[in-house]
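Only one structure is covered here, and it is reproduced in the block below.
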Amino acid sequence: MKKKFLAVSAIAIAAAAVVATSSPASAAPWPSGGTFEIPGVMAGGASWDVDGDGISAGYNIPDTYSGLYYPMYNWANGTNLPCGSNDGSDATVTNETNGDVTVDCQPVTDTFATGLTATLHLRFYAEAASGYMARVWGELENTTANTIDLGTGDPLAVYFYYNYSNWDDGDPWMTNVGGGDYGLDGSVWGAGGDLENHQIATSSSWADVSQSCRIKTTAHGMFYPAEANVIAPGQTVNLVSFINMVFPATDDPAGSAAAFNIALENAQTEMAAGLTGRMADGLPAGIDAIGWEKNDACATPELPNTGLDSSASTSIALGVSALISAGLVLTVVSRRRRASQS
């Protein structure tokens, strides 16, 4: 049966933002079932489920789409970075002045290693023309007098399990380094859509473009730079990642393609700009977030003149374009699948 969806209205979104900024920040209770709802025009608003593992699902409020399943979480040494010691309900919830909702989880001691205290912070952004975005920020503090080394066997990584069974070569994929191996190699942001099943599009980021060479691939995730695993006494390592949902306005290939283009533009502009603008909202000034540095760590020396003529250069450029068109999709696993696994 065909489903009808509301198109995004830039005027309505702007009006909602004006209303949101007129209210002061206020404490809020833990919502029923750990479901945080972000009102909006696109697809009727967004829902984000939170449990002791962080963000467990993302979908639209009417639940007319397959949703995201544990879209972004941090992992090392066989366990994840938790939201408190139980189901997350002991977290501090705040309705921010701009319509965002923040969740500051309680610290958990001895996470990943003895003496390492982890604190998870989540931010669910108000609706924007680019979709519904969420940020995951984890702090790892070494509270001991000795260096903590998490090792290389199962080091710090950010995982996006929601896409692992729905990748399809017929769907659009794109990252900052183009396609190839689903665009994973060295990528720091990704965008994808689902043309075949007409489901949501997503954009994600976990590091600054200038740090691409420091980000290594793992199954359905990315390893943080190696130095994140060696934590000096008193040092805090900050892990930051983003996930953004874009819902099609129409239940057809055209609607899905339009949603992908919105997600791709978000990845290529806002996410590619690094920790600036609203992506930095609520973060401490001058925060040292691993992988988000802006420097020339990955700069390559200028290539020598190859002597290729213009026709050969054009052929190479076309070849690169073909590779880029392979792209990356960060597609979805049904929220209902999560329920079936409970």
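Only the coordinates and a few stated rules stand behind these numbers; no lab work does. Computed from a prediction, not measured in an experiment: that's the story for all the values here. We place every Cβ from the backbone using ideal geometry, glycine too, and count neighbours over all the protein chains shown.
Applied to the range 125-130, the Karplus parametrisation 6.51 cos²θ - 1.76 cosθ + 1.60 on θ = phi - 60° returns per-residue 3J(HN,Hα) values of 7, 4, 4, 10, 4, 8 Hz, with x for Gly and Pro.
Distance from the alpha carbon centroid of the range 265-304 to that of the range 70-136 works out to 21 angstrom.
In terms of packing, defined here as the mean over residues of other Cβ atoms within 10 angstrom, the peptides 92-98, 238-244, 199-205 line up highest first as 199-205, 238-244, 92-98.
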